[in-house]
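Input: a single structure, listed below in structure tokens.
The values are calculated or read from the model by the stated rules, or taken from the named source; none is laboratory data. Quantities reported herein were computed from a predicted structural model and do not represent experimental measurements. With ideal geometry, Cβ positions are generated from the backbone for all residues, glycine too; neighbour counts draw on all protein chains shown.
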Amino acid sequence: MIGLVCLAAAAGRVYADGEGPFLNTDVGASFVTGLPSGLQVDPGIRFSVMPGYRIYNDDIFGVSLELDSGLVWNQIHGSARGDLYQVPFLVGMEYAFHTGCIVEPYIGVAGGGVYSDFDYYSGFAQSQGTVSAGVQAMAGIRFKLSDHAEIGVGYKFLGAWPSNVDFVGTHEAAVTFVWRF
């Protein structure tokens, strides 16, 4: 069956959508590293919305520009208890590799900023919000459902440098969905 799908794709119809706008979303588990010692972070959740535009597309690969924003939430415990919220606002580029069938691996990079908010209780309630530089790398694989829809799995690594912390790294494993207009 997969061979028949790949054969049909080789006829040129799978990637017929070409350049144009799209909306990419993902939701998944987030894992944070890099907080000061004495603080542990539970796995959390990340939801992202990424409007974009595919600027180039041929039989071998496609290149897209994206805006990436959303919300990352993790609980903190240890010497303090509370929540860590992150809101990335990034601009990125993605390369999708056309395999000749419904499978589309992709990689990408992004840069911009991250708003980080630490709401915690350590004797009394405190909140610390900062905006810092942020970078992101991503990779994954999507499966073409139609000329307009794709679903897949992906990984993102978001790095940020909020004040009073040297570095916060957020890993995400997610399910992705793309709608092409």
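Among the residues of the stretch 81-94, is any within 23 Å of Phe31 (Cβ to Cβ), out of contact with any Ser or Thr (no Cβ under 9 Å at 6 or more places or on another chain), assigned to a strand (DSSP E or B) and in contact (Cβ under 8 Å) with a residue 40 or more places away in the chain? So far as the stretch 81-94 goes, no, none of its residues is within 23 Å of Phe31 (Cβ to Cβ), out of contact with any Ser or Thr (no Cβ under 9 Å at 6 or more places or on another chain), assigned to a strand (DSSP E or B) and in contact (Cβ under 8 Å) with a residue 40 or more places away in the chain.
Taking the stretch 134-145 as the range and being within 18 Å of Gly108 (Cβ to Cβ) and free of Cβ contacts under 8 Å to residues at least 60 places away in the same chain as the test, the residues that pass are Gly134, Val135, Ala137, Met138, Ala139, Gly140, Ile141, Arg142, Phe143. Is at least one residue of the stretch 47-58 among the basic types (Lys, Arg), surrounded by 14 or more Cβ atoms within 10 Å (Cβ to Cβ) and touching a residue at least 12 places away in the same chain (Cβ under 8 Å)? Scanning the stretch 47-58, I find at least one residue that is among the basic types (Lys, Arg), surrounded by 14 or more Cβ atoms within 10 Å (Cβ to Cβ) and touching a residue at least 12 places away in the same chain (Cβ under 8 Å), so the answer is yes. Within the stretch 32-46, restricting attention to residues that are surrounded by fewer than 16 Cβ atoms within 10 Å (Cβ to Cβ) and either within 14 Å of the chain's Cα centre (by Cα) or assigned to a strand (DSSP E or B) (or both), the residue that is modelled with the lowest pLDDT is Gln40.
Table: residues versus (1) in contact with a helix residue (DSSP H, G or I) (Cβ under 6 Å, 6 or more places away or on another chain); (2) among the small types (Gly, Ala, Ser); (3) surrounded by fewer than 20 Cβ atoms within 10 Å (Cβ to Cβ); (4) part of a strand (DSSP E or B).
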residue	(1), (2), (3), (4)
Ser116	no, yes, no, yes
Ala137	no, yes, yes, yes
Val165	no, no, yes, no
Glu172	no, no, no, yes
Phe177	no, no, yes, yes
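When the residues of the stretch 59-113 are filtered to those that are of a type in the set (D, E, K, R) and crowded, with 20+ Cβ neighbours inside 10 Å, the one that is nearest to Pro43 (Cα to Cα) is Asp68. Residues in the stretch 90-112: is at least one over 17 Å from Arg142 (Cβ atoms) and of a type in the set (Phe, Trp, Tyr)? No. Scan the stretch 127-181 residue by residue and report those that are closer than 19 Å to Leu23 by Cβ, over 18 Å from the mean Cα position of the chain (by Cα) and not charged (D, E, K, R). Once the filter is applied, which keeps residues that are closer than 19 Å to Leu23 by Cβ, over 18 Å from the mean Cα position of the chain (by Cα) and not charged (D, E, K, R), the stretch 127-181 yields Leu145, Ser146, His148, Phe181. Scanning the stretch 146-163 for residues that are over 20 Å from Gly111 (Cα atoms) and touching a residue at least 40 places away in the same chain (Cβ under 8 Å) returns Asp147, His148, Glu150, Gly152.
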